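Undergrad: Provided herewith is a single structure, encoded as structure tokens, for subsequent inquiry.
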């Protein structure tokens, strides 16, 4: 499985756009990239997933360059409630690998008023 | 229903006790997972059940014993735990056992071993 590396922490202010980058240099052809958000004492919550280029949903965008060795989660106009830990995961699409994936160390985002 | 439920929310047990954690999902998902999470650390995968069969055991000590009675239920039986096993235990499920499927997590069981 590809190892992921993220910044340990980031600070932002309300209303700003936040970009969190994850490095996964040894990502394989069969791997998908998924991002999760976790609040204290809760389980992680799925945010967005992609394979290449750009994916957008109602809460975030995910940018993946052509070489796929990194990915950037973009949160538009953050609010105080976006303060959380954000995890990048790389997971094999093949059922023979049974959904095995490894969480990176996560990025603690703190949004200030 | 997109919810994964876990019981109990909190559990305190002695090192000689036997207890069980329970997890339930009604989304028709065919993969279920147990994770262990220590404070300020990422979740660590323990077990994966794929179509009700144990498909991954991440070298977890035998004092943790998973069980999947049916496609909606996942249990984790605990016996003779150590204080270092105190952690948040998270259950998750996904539609299929692949890295392409989003995992839905429960709120976790906070376990304290005395």
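Residue-by-condition table, conditions (1) surrounded by fewer than 20 Cβ atoms within 10 Å (Cβ to Cβ); (2) modelled with pLDDT of 95 or more; (3) within 12 Å of the chain's Cα centre (by Cα); (4) outside any loop (DSSP other than H, G, I, E, B):
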residue	(1), (2), (3), (4)
B:6	no, yes, yes, yes
B:15	yes, no, no, no
B:40	yes, no, no, no
B:62	yes, no, no, no
B:89	no, yes, yes, yes
B:98	no, no, no, no
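Undergrad: So which of B:21, B:78, B:11, B:112 ends up being more than 8 Å from every other protein chain (Cβ to nearest Cβ), in contact with a strand residue (DSSP E or B) (Cβ under 7 Å, 6 or more places away or on another chain) and surrounded by fewer than 16 Cβ atoms within 10 Å (Cβ to Cβ)? Working first, answer last.
TA: Working: B:21 fails: surrounded by fewer than 16 Cβ atoms within 10 Å (Cβ to Cβ); B:78 fails: surrounded by fewer than 16 Cβ atoms within 10 Å (Cβ to Cβ); B:11 fails: surrounded by fewer than 16 Cβ atoms within 10 Å (Cβ to Cβ).
Going through B:21, B:78, B:11, B:112 in turn, the sole match is B:112.
Undergrad: I'd like the full set of residues that are assigned to a loop (DSSP other than H, G, I, E, B) and under 24 Å from residue B:27 (Cβ atoms), limited to the range B:64-87.
TA: First, the residues of the range B:64-87 that are assigned to a loop (DSSP other than H, G, I, E, B): B:71-72, B:80-82, B:86.
Result: B:71, B:72.
Undergrad: Additional query: Got a sec? Which strands (runs of 3 or more DSSP E) wholly within the range A:17-112 have at least 2 residues that are touching a residue at least 12 places away in the same chain (Cβ under 8 Å) and under 19 Å from residue B:98 (Cβ atoms)?
TA: Working: elements: A:18-23, A:31-38, A:45-50, A:53-56, A:61-64, A:70-75, A:84-92, A:101-103, A:107-112.
Correct list: A:31-38, A:45-50, A:61-64, A:84-92, A:101-103.
The values are calculated or read from the model by the stated rules, or taken from the named source; none is laboratory data. None of these values were measured; they are calculated from a predicted model. Heads up, the Cβs are rebuilt from the backbone with ideal geometry, glycines too, and the neighbour counts pull from every protein chain shown.
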